[in-house]
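The values are calculated or read from the model by the stated rules, or taken from the named source; none is laboratory data. All of these numbers come straight from a predicted model, not from anything done at the bench. No Cβ is skipped: glycine too gets one built from the backbone with ideal geometry, and neighbour counts run over all protein chains shown. Ligands, DNA and RNA are excluded from the accessible area calculation, which covers all protein heavy atoms including side chains. Shrake-Rupley method; radii C 1.70, N 1.55, O 1.52, S 1.80 Å.
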Amino acid sequence: MATARHHAMPLRDCNVLIRTLARQGSFARVMAVYYDLRARGLVADSFTYPFVLKAIGVMKLSAEGRKAHAAAVKTGFRWDAYTASSLVEMYAALGRADFARKVFDEMPQRFLVLWNMMIRCYIRCGRFTAAVALAEEMERSGATPDRVTLVTAVTACSRAGDLSLGRRIHAYMYAVFGFSLPVANALLDMYTKNGCLEEAETMFEQMTERNIISWTILVSGYGLAGQLDKARALFYQCTEKDLILWTAMINACVQHGSFEEALSLFRDMQLQRVEPDRFTVVTLLTCCANIGALDQGEWIHQYAEGRKMKIDAVLGTALIEMYSKCGHVDKALNVFGRMQGRDAAAWTAIICSLATHGQASRALELFEEMQINKVKPDGITFIGVLSACCHGGLVDEGRRHFQAMKEVYRIEPRIEHYSCFVNLLGRAGVLDEAERLINGMPVNKDTMPLFGALLTSCKAHGNVEMTERLTKRIAEQDSPNPGVNVLISNVYATASRWEEAIRVRSKMTHPTVKKTAGWSSIEVRGY
């Protein structure tokens, strides 16, 4: 009803309506009122522009943004501090830090709010080094920072990995400003994210006031650095734990490979009546996938559905990987079919899952479907695709996808891609092509899987001559490789060349040569 009556409103009433609609999030209606007042010959002012420019930024109306900017210049309101900062904020939302900086540079007087907005603009656009440089320029200009400035500048230092300014802010706080909790937490986050844990500990001890965010930052920092003992000690030292802190500790355990402890913490969290959210659920599913805890994973899946959590790309991918690693590809497919907003990671997860479980045709069908849906594959996707071709013995398909990866998607093949392709060619008996593929590669610990794959194929096809050529190249290594020696001796044995087989086997009796036994684990019925 309000917008139906705005056609006869004076500018003051239009501004009130625009402000009300903007605060309600009705940005399309904000623009409708703005277009109408302009059509009636009314001139927008400093009470109009901030809300209109915000609407333009939210709605990503780049062309309208340039028009509004031109109108502000024409009417003289670009010199107004609020209009100028709103222009900077709009260009930040549009991802145009260059235009925002032009507004900033043209201002005859740079108010504090404008400095803060421009630094935030650089951060939002991912230009962290430029944000730090601007904060240092502000420092040299003699402008007095407020808490917003300090938090913003420290965030820029953290993202850019440039701690010089951050340390000066720390010293400034300690000597002049006093320990504001938001700034102190920002400094703590900066130190932990850049691996300066000793400085983070000092910062934590200096803080006269701490909140749950302070504890969570430090626990996460220790977890990220692999110092699980310190993370654990700090976690239990905190008396009031919230969901974010519990999740941080569980995540630290998962990152460190302590999966059983992560699940134990989850059970403790439930006893404390702390409800997990989707981030906790994703972390726990990763944990279940790594230890094959199918029963626990299914319970978490049911929990997520019971809480009506949206099976989006992140949660859906975690479920697919959990079911796949627990051997239930049919359930992974079911999750994929119900997912909303599938991204490249989700498509990759299901393709790799099907390839791992030998369903080559279905994996390749989904890859074709992924391309039809215009989702761009990455290097991991092609590992799944080449794996599927290998399991299905599809040599021509494998060649085509290997070439497409390089020529169409411009993805440089890694060792994993070459290994899949060499395996495919080797199993099909196309040994000469496989050998040509790896001829230009050095023999080292990274490329050894390729030589091992080809030697395995040589054994299967009884190709002693190629085995000997490969053996000469491998012999250039200083360190012995028991796995390769086993393969070489087996090739000789297959060809009934027993003396050579015994000679190679005798090398493995040396005390420094050990073959590590393999093992696997999966939970069955909770055990």
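For residues in the range 48-100 being among the basic types (Lys, Arg) and touching a helix residue (DSSP H, G or I) at 6+ places or on another chain (Cβ under 7 Å), which is most open to solvent (accessible area, probe 1.4 Å)?
So the first thing to find is which residues in the range 48-100 are among the basic types (Lys, Arg), and the list is 54, 60, 66-67, 74, 78, 96.
From the residues that got through so far, the ones that are touching a helix residue (DSSP H, G or I) at 6+ places or on another chain (Cβ under 7 Å) too are 54, 78.
Details: 54: 90, 78: 64 Å².
For the range 48-100, the residue satisfying everything is 54.
State all residues of the range 334-345 that are buried (at least 19 other Cβ atoms within 10 Å of the Cβ) and either under 24 Å from residue 394 (Cβ atoms) or in contact with an Asp or Glu (Cβ under 6 Å, 6 or more places away or on another chain) (or both); if no residue qualifies, say none.
336 - this is the single residue of the range 334-345 that is buried (at least 19 other Cβ atoms within 10 Å of the Cβ) and either under 24 Å from residue 394 (Cβ atoms) or in contact with an Asp or Glu (Cβ under 6 Å, 6 or more places away or on another chain) (or both).
Could you pull out the residue among 129, 155, 144, 149 that is part of a loop (DSSP other than H, G, I, E, B) and either surrounded by fewer than 18 Cβ atoms within 10 Å (Cβ to Cβ) or within 32 Å of the chain's Cα centre (by Cα) (or both)? Give the derivation first.
Values: 129 fails: part of a loop (DSSP other than H, G, I, E, B); 155 fails: part of a loop (DSSP other than H, G, I, E, B); 149 fails: part of a loop (DSSP other than H, G, I, E, B).
Every option except 144 fails the conditions.
From 110, 101, 168, grab the single residue that is outside any helix (DSSP H, G or I) and either of a type outside the set (A, V, I, L, M) or farther than 30 Å from residue 221 by Cα (or both).
Details: 101 fails: outside any helix (DSSP H, G or I); 168 fails: outside any helix (DSSP H, G or I).
110 is the lone residue from the list that is outside any helix (DSSP H, G or I) and either of a type outside the set (A, V, I, L, M) or farther than 30 Å from residue 221 by Cα (or both).
Taking the range 221-238 as the search range and keeping residues that are part of a helix (DSSP H, G or I) and open to solvent by less than 50 Å² (accessible area, probe 1.4 Å), which one is nearest to residue 177 (Cα to Cα)? I'd like the intermediate steps shown before the answer.
Going through the range 221-238, the residues part of a helix (DSSP H, G or I) turn out to be 221-224, 228-237.
Right, trim to open to solvent by less than 50 Å² (accessible area, probe 1.4 Å) and you get 221-223, 228, 231, 234-235.
Working: 221: 26, 222: 28, 223: 31, 228: 34, 231: 30, 234: 28, 235: 30 Å.
For the range 221-238, the residue satisfying everything is 221.
Out of (1) in contact (Cβ under 8 Å) with a residue 24 or more places away in the chain; (2) loosely packed, with under 14 Cβ neighbours inside 10 Å, the odd one out for residue 262 is which?
(2)
Need the failing condition index for residue 209 against (1) in contact with a helix residue (DSSP H, G or I) (Cβ under 8 Å, 6 or more places away or on another chain); (2) part of a helix (DSSP H, G or I), just the number.
All conditions are met except number (2).
Name the pairs: first residue in the range 325-342 and at negative phi and assigned to a loop (DSSP other than H, G, I, E, B), second residue among the β-branched types (Val, Ile, Thr) and surrounded by 14 or more Cβ atoms within 10 Å (Cβ to Cβ), Cβ to Cβ under 6 Å, at least 6 apart or on different chains?
The qualifying pairs are 339/311.
Considering only the range 420-469, state which residues are closer than 21 Å to residue 383 by Cα and of a type in the set (D, E, K, R).
427, 433, 435, 436, 445, 446
Being assigned to a loop (DSSP other than H, G, I, E, B), over 30 Å from the mean Cα position of the chain (by Cα), at negative phi and in contact (Cβ under 8 Å) with a residue 24 or more places away in the chain, is that true of even one residue in the range 188-205? Please lay out each step first, then the result.
Start the filter on the range 188-205 by keeping residues that are assigned to a loop (DSSP other than H, G, I, E, B), which leaves 194-196.
Of the ones still in play, those that are also over 30 Å from the mean Cα position of the chain (by Cα) are none.
No, because not a single residue in the range 188-205 is assigned to a loop (DSSP other than H, G, I, E, B), over 30 Å from the mean Cα position of the chain (by Cα), at negative phi and in contact (Cβ under 8 Å) with a residue 24 or more places away in the chain.
Looking at 404, 428, can you tell me which residue is open to solvent by less than 60 Å² (accessible area, probe 1.4 Å), among the aliphatic types (A, V, I, L, M) and under 35 Å from the mean Cα position of the chain (by Cα)? I'd like the intermediate steps shown before the answer.
Values: 428 fails: under 35 Å from the mean Cα position of the chain (by Cα).
Only one candidate qualifies: 404.
Just wondering, is there one or more residues in the range 36-56 that are among the polar types (S, T, N, Q) and farther than 13 Å from residue 11 by Cα? Working first, answer last.
Keep residues of the range 36-56 that are among the polar types (S, T, N, Q), which gives 46, 48.
Narrowing further to those that are farther than 13 Å from residue 11 by Cα: none.
For the range 36-56, residues among the polar types (S, T, N, Q) and farther than 13 Å from residue 11 by Cα: absent.
Confirm whether residue 329 is over 30 Å from residue 426 (Cα atoms) and either open to solvent by 70 Å² or more (accessible area, probe 1.4 Å) or more than 21 Å from the chain's Cα centre (by Cα) (or both).
Working: over 30 Å from residue 426 (Cα atoms): no; either open to solvent by 70 Å² or more (accessible area, probe 1.4 Å) or more than 21 Å from the chain's Cα centre (by Cα) (or both): yes.
No.
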